[in-house]
1. Take the residues in the stretch 32-91 that are of a type outside the set (S, T, N, Q) and on the phi > 0 side of the Ramachandran plot; name whichever of them is surrounded by the fewest Cβ atoms within 10 Å (Cβ to Cβ).
2. If you check S226 against the conditions, is it open to solvent by less than 50 Å² (accessible area, probe 1.4 Å), over 30 Å from W304 (Cα atoms), touching a Leu at 6+ places or on another chain (Cβ under 8 Å) and at pLDDT below 95?
3. For the stretch 99-120, does any single residue satisfy the condition of being in contact (Cβ under 8 Å) with a residue 12 or more places away in the chain, surrounded by 20 or more Cβ atoms within 10 Å (Cβ to Cβ) and touching a Lys or Arg at 6+ places or on another chain (Cβ under 7 Å)?
4. Open to solvent by 30 Å² or more (accessible area, probe 1.4 Å), under 30 Å from L47 (Cβ atoms) and under 23 Å from the mean Cα position of the chain (by Cα): does that describe L214?
5. Which numbered condition in (1) in contact with a strand residue (DSSP E or B) (Cβ under 9 Å, 6 or more places away or on another chain); (2) outside any loop (DSSP other than H, G, I, E, B); (3) open to solvent by less than 10 Å² (accessible area, probe 1.4 Å); (4) modelled with pLDDT of 95 or more is the only one that G316 fails?
6. Just to be sure I understand, how many residues within the stretch 48-69 are out of contact with any Gly (no Cβ under 9 Å at 6 or more places or on another chain) and in a helix (DSSP H, G or I)?
7. Tell me which residues, restricted to the stretch 328-341, are within 10 Å of C211 (Cβ to Cβ) and not aliphatic (A, V, I, L, M).
8. Would you point out which residue out of L329, L322, L333 is in contact with a His (Cβ under 9 Å, 6 or more places away or on another chain) and open to solvent by 10 Å² or more (accessible area, probe 1.4 Å)?
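The values are calculated or read from the model by the stated rules, or taken from the named source; none is laboratory data. The structure presented is a predicted model; accordingly, all values stated were derived computationally and were not measured. FYI the Cβ positions are ideal-geometry reconstructions off the backbone, even for glycines, and counts take in every protein chain you see. All accessible areas refer to the heavy atoms of the entire protein, side chains included, with ligands and DNA or RNA removed. Shrake-Rupley method; radii C 1.70, N 1.55, O 1.52, S 1.80 Å.
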Amino acid sequence: MNLINKQKKVAVIGAGFIGCCTAWLLTKQGHNVTLISTNTGGSSAALGLLMADVFQRSSGRSWRLRQQSMQLFSEWQQHLQGAGSQAKINRGLWLLTNNCNQWQKYQLLAEERSKQGIGMEIFNAAALKEQVELGVLPPLSEGLIGGIWSSRDGQLDPTEWMEELLLDGQNNGLKYINSKVSQLTQIDGSWQLSLEANNKDNEIYDWLMVCAGLESTDLLAPLGLSNTNNLAMQPVLGQALELELPAGIHLQQSINWDGINLVPRPDNHLWLGATLEPGLNQNQAGSIDALKDMQQLNGAAPEWLNQAKVIRHWQGVRAQPLAQPAPVLEQLLPGLCLMAGHYRNGILLGPASAMWAATIITNIKNHKSLER
């Protein structure tokens, strides 16, 4: 949809997944968009799990955002592939558990989704063994109680998608500035930015979309906004391993095993990662013991996972709101929006967050449909 007659000049600050999605969508809608960041490889330690249908609730803002994102992902994928992109979504997700209470929750969830007409199957331990015999799943540990299979959820490669969104956006007029933003200045209802690269960006913007994660609070502080509207956020570590699997072991679809994610990669490699709870500092997260516990699925791993060879380890910090549900999508001042605090779902909620920004810019009244 072309909105040239309503074109706005927009700066998107932060080039993680949220920022790339927002900049791309606003560009496609005809706005004059500049993406500003020193890092186009943001969203570190994100494995790209798309967990929408397996969300425990069936109503409310979080549910609507997840469902909207999954619909948009399908539309965006078709558009990008039509432009020659390799961006794809690997559909299908297993949730497995060794925990009796979690198993009961999975059974109730599968029943609820079945009533909604959403494809989700439940597997007890015996049924999972049949899937192993059929080659659908690799060998599983003996203590596994059960799990569910969600056909519409899945996984994508965040880096590939960000590269494709940026490339397609630039082909359609998106501008990229490699610089850190040091200050936001309001001028007669519009906005100007101070950049570390050249001290001053002389452009005047109608809208600023601040998608800079934890750095967002530092940018907003001089405006007196960092502690307004319960905007405080805390860092939460995400960590990941890349493993080389033993010969003969093949993982076809992504698995969430009691909160630890296993994602198949080319050449029989595997990404394995988790988001850590607050209180575990960066040194602890990167410790040998912590990584070993994660690889061993906290003692529940099958033998082939224990034998897998560690290729590399990396980690990243995610922003978690302290006083409100994730994410924070709020217009703070005329022309100034904060899009941060996505916590565990920065990849899944990218498209819906971008659409929220587009709705704010083009028709501010309609954005209330996605409020809490």
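1. Filtering first and then ranking leaves G84.
2. So S226 fits the description; yes.
3. For the stretch 99-120, residues in contact (Cβ under 8 Å) with a residue 12 or more places away in the chain, surrounded by 20 or more Cβ atoms within 10 Å (Cβ to Cβ) and touching a Lys or Arg at 6+ places or on another chain (Cβ under 7 Å): present.
4. Criteria met by L214.
5. (4)
6. Final tally of qualifying residues: 8.
7. Selection gives C337 alone.
8. L329
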